[in-house]
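Data first, discussion second: the structure below is written as structure tokens.
Quick note: the coordinates plus some simple rules give every number you see, no bench work behind them. Treat the numbers as computed from the prediction; the structure is a model and nothing was measured. Ideal geometry is used to build each Cβ from the backbone, glycine not excepted, and the neighbour counts take in all protein chains shown.
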Amino acid sequence: MSLQDTRQKLRNELEAPAPLRAFGTGWISGVAGLALGLIGLALVVSMRAPGQFAMPELSALHANHWFKLGVLVILLLGFAASVLSLALRASKLLGTLGAVAALLAALLGGSASPALTPDPTPLFLGLDWFALNVLFTGLIFIPMERISPLRAEQPLFRDEWREDIFYYLVSSFMVQVLAFVSFAPAKWVAAASALVSLHRAFHRVPWLWNFHAVHHSAQHMDWMAGARMHFLEILILRTLTVIPMFALGFAPTAVNVYILLVYLYSTFIHANLSWRLPVVDQLLVTPRFHHWHHGIEKEAIDVNFSIHFPLFDRLFGTHYLPKDKWPAGYGIEGHPVPKGYWAQLLYPFRRR
Ligand SMILES: [Zn+2]
Ligand SMILES: [Zn+2]
């Protein structure tokens, strides 16, 4: 079986039709086992080669007893879930790959891994950050989206999930570059209104729109969809928000907490959640408010630019939140943005 075959078979397994994903088919254990096995493997690799694959803030944690115990638990759970899937499921692919990933991590030294390699350059890829990011965001949002889904029929591995996970990977790998330009918001409201204006500019200025169109090309909304953003847009946003922040010196810890909150909040407003949140939606941006920003309908064009406070859209006359209604679909009319990470990276630069 070639690598290409295996990849296609794995994709078919992850995207299996509903009856083959039901409780008791070994799908849930297979997916959990594979995800935990790969997350554990990524963490062990970053513990072995911290100079290349670990964020300095996290590599300080690697020697911590609790961190090691956490990695051990991830690997053991990943292995156990994979074995359960092998017992339950007709196709052995998910279980085998999950078990192999966990065993490979054990062979590399498992949770006891000390650093192996010297660190010749100050550059690194945030592999440990990617693993923890997917683990914790998934642990928070997958159950939430299952308990109260907006679109119950939408599976976890829906159309274009691979692109969006790749967006996660790129942002995590580039965490060093992004941290360099993003020192964090100073005055909350000033920053929020600057972001709203910036967001508006991304819609109104044609060449900026070509970048932002990538974010709006998502045809499915869930916790993964928020990650879809052109790399240059992320850079521009971070660079321009940093200017007011430099003026007011906030403590680094406060800044990091703020960045984490903004990140979780952005994931939340894209999530496939049916929560209507009346009253709250008058004060704060909710999933339904931001879903309308992504809506395919005519009425959804150029509305709801606010990231935190809908008040700004009320002031600008761009507030749109019809009672109890959700958009019928998402994306840009005619769906001009191509599929695939690299095609989307090049999209703004293409001649039209
Ligand atoms: Zn937008
Ligand atoms: Zn969005």
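How much length is gained if the chain between Ala18 and Glu297 is pulled fully straight, taking 0.36 nm per residue apart and subtracting their Cα-Cα distance, in nm to one decimal?
Full extension from Ala18 to Glu297 adds 97.6 nm.
So for segment 67-139, what percent of the C-alpha to C-alpha distances run longer than 20 Å?
43
Taking 0.36 nm per intervening residue step and subtracting the Cα-Cα distance, what contour gain separates Gln52 from Phe157 on full extension?
Stretched out fully, the Gln52 to Phe157 stretch lengthens by 34.8 nm.
Which value, to two decimals, describes the C-alpha radius of gyration of segment 302-347 once divided by 2.2 N^0.38 Å?
1.57
Quick one: if you stick a label point 7 Å off each Cα along the C-beta vector at Trp209 and Arg11, how many nm between them?
3.2
Where a Cα-Cα gap under 22 Å defines reach, which lysines qualify for Lys92, not counting those fewer than 8 residues away within the same chain?
Filter leaves Lys9.
Between Ser2 and Val170, what is the spin-label point distance in nm, taking each point 7 Å from the Cα along the Cα→C-beta axis?
My value for the distance between the label points is 2.7 nm.
At a 10 Å Cβ-Cβ cut-off, how would you order Ser306, Ser171, fewest neighbours first? Intermediate values should be presented prior to the final figure.
Values: Ser306 26, Ser171 20.
Going from sparsest to densest Cβ surroundings: Ser171, Ser306.
Applying a 10 Å radius around every beta-carbon, put 87-95, 324-332, 36-44 in order of their mean neighbour count, most first.
Details: 87-95: 17.8, 324-332: 14.8, 36-44: 25.1.
Averaged packing, sorted descending, gives the order 36-44, 87-95, 324-332.
Give me Phe157, Phe130 ranked fewest to most by other Cβ atoms within 10 Å of their Cβ, as a rough exposure proxy. If you can, show how the numbers build up before the last one.
Working: Phe157 16, Phe130 24.
Least to most surrounded, the residues fall as Phe157, Phe130.
Just from its helices, what would the mean residue ellipticity at 222 nm be for the chain, if runs of 4 or more DSSP H residues each count -39500 (n - 2.57) and the sum is divided by every residue, rounded to the nearest 500 deg cm²/dmol?
Mean residue ellipticity, 222 nm, calculated: -18500 deg cm²/dmol.
Mean separation of Cα pairs under 8 Å and 6+ residues apart, divided by the residue count of the chain: what relative contact order is that in percent?
Across the chain, relative contact order equals 16 percent.
Modelling each spin label as a point 7 Å along the Cα-to-Cβ direction, I'd like the Phe136/Asp119 distance in nm, to one decimal.
Using points 7 Å along Cα→Cβ, the separation is 2.0 nm.
In the calculated pair distance distribution of segment 100-175, what percentage of Cα-Cα distances lie above 19 Å?
Summing the P(r) tail past 19 Å for segment 100-175 gives 57 percent.
For segment 1-128, what are Rg and Dmax over the alpha carbons, in angstrom?
Reported Rg and Dmax, both Å: 16.2, 51.
Between Leu346 and Trp66, what's the calculated FRET efficiency when r is the beta-carbon distance and R0 is 45 Å? Round to 0.05.
FRET efficiency, Leu346 to Trp66: 0.55.
Net charge near Ser111, counting Lys/Arg +1 and Asp/Glu -1 over other residues with Cβ under 15 Å of its Cβ?
Charge balance in the 15 Å sphere: +1.
For the chain, treating each Cα as an identical point scatterer without solvent, what Debye log10 I(q)/I(0) comes out at q = 0.10, 0.12 1/Å?
-0.68, -0.98
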